[in-house]
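Scroll down for the structure; my scribbles are underneath it.
The values are calculated or read from the model by the stated rules, or taken from the named source; none is laboratory data. Everything quoted here is computed from the prediction, not taken from an experiment. Cβ sites come from the backbone with ideal geometry, for glycine too, and all protein chains shown count toward neighbours.
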Amino acid sequence: MKQPIIAFIASALLLTACMSTVTERKRLPLSAANITQIQDKARHNLRDPDSAKFRNIRRIQNTHEDGSTTTLVCGEINGKNAFGAYVGYRTFKGNLTGNTFRLHGIGDSDNNWLYVATCPV
């Protein structure tokens with residue numbers, strides 16, 4: 001049982017070592033068209049897409065030590081489950097390249113250290 005955990009930790013450390021260091025992080029505005037696209041792609045993964053509620057959507061530009069930049073979009077989404085009840089806000093994150101948003105996933109806001117580290121409020 002310990003081997004899968006050790007392998008996971010080793011993989012995470014290896015990936016972290018391969019990433020370049022962020023030297024500057026700044027918040028940038030989002031256009032109305034960007035927000036619509038982000039919401040459409042995020043709600044597509046819900047059981048009841050029309051029930052989606054959003055909050056804290058933000059665009060973060062990271063400048064790396066080699067001068068390259070990456071743009072993340074972070075936010076929170078709440079939707080209804082099969083019983084018609086809202087499940088609570090969950091975090092989502094993706095990349096914005098030009099005007100195209102690519103959703104990485106919707107996660108759980110509890111103990112989501114990676115989300116907190118890469119998507120400051």
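Quick look at the numbers
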item	result
Where residue 52 falls short, out of the listed (1) touching a helix residue (DSSP H, G or I) at 6+ places or on another chain (Cβ under 7 Å); (2) exposed (fewer than 15 other Cβ atoms within 10 Å of the Cβ); (3) farther than 13 Å from residue 119 by Cβ	(2)
Tabulated pairs, region 14-42, first over 14 Å from residue 72 (Cα atoms), second basic (Lys, Arg) and at pLDDT 90 or above, C-beta under 9 angstrom, 6+ apart or interchain	41/102
When residues of region 20-30 are limited to those that are assigned to a loop (DSSP other than H, G, I, E, B) and farther than 16 Å from residue 94 by Cα, the one modelled with the lowest pLDDT	20
Pairs with Cβ under 8 Å, 6+ apart, first in region 53-80 and without any contact (Cβ under 8 Å) to a residue 12 or more places away in the chain, second not acidic (Asp, Glu)	69/61; 69/62; 69/63
Unique residue being farther than 12 Å from residue 119 by Cα and either under 17 Å from the mean Cα position of the chain (by Cα) or aliphatic (A, V, I, L, M) (or both) when the list is 47, 43, 58	43
Some residue of region 58-79 being in a helix (DSSP H, G or I) and either at pLDDT 90 or above or surrounded by 12 or more Cβ atoms within 10 Å (Cβ to Cβ) (or both)	no
Answer from 52, 42, 33 - the residue that is in contact with a Lys or Arg (Cβ under 6 Å, 6 or more places away or on another chain), at pLDDT 90 or above and hydrophobic (A, V, I, L, M, F, W, C)	52
Residue match in region 88-97 (condition: in contact (Cβ under 8 Å) with a residue 24 or more places away in the chain, farther than 21 Å from residue 22 by Cα and among the aromatic types (Phe, Trp, Tyr))	yes
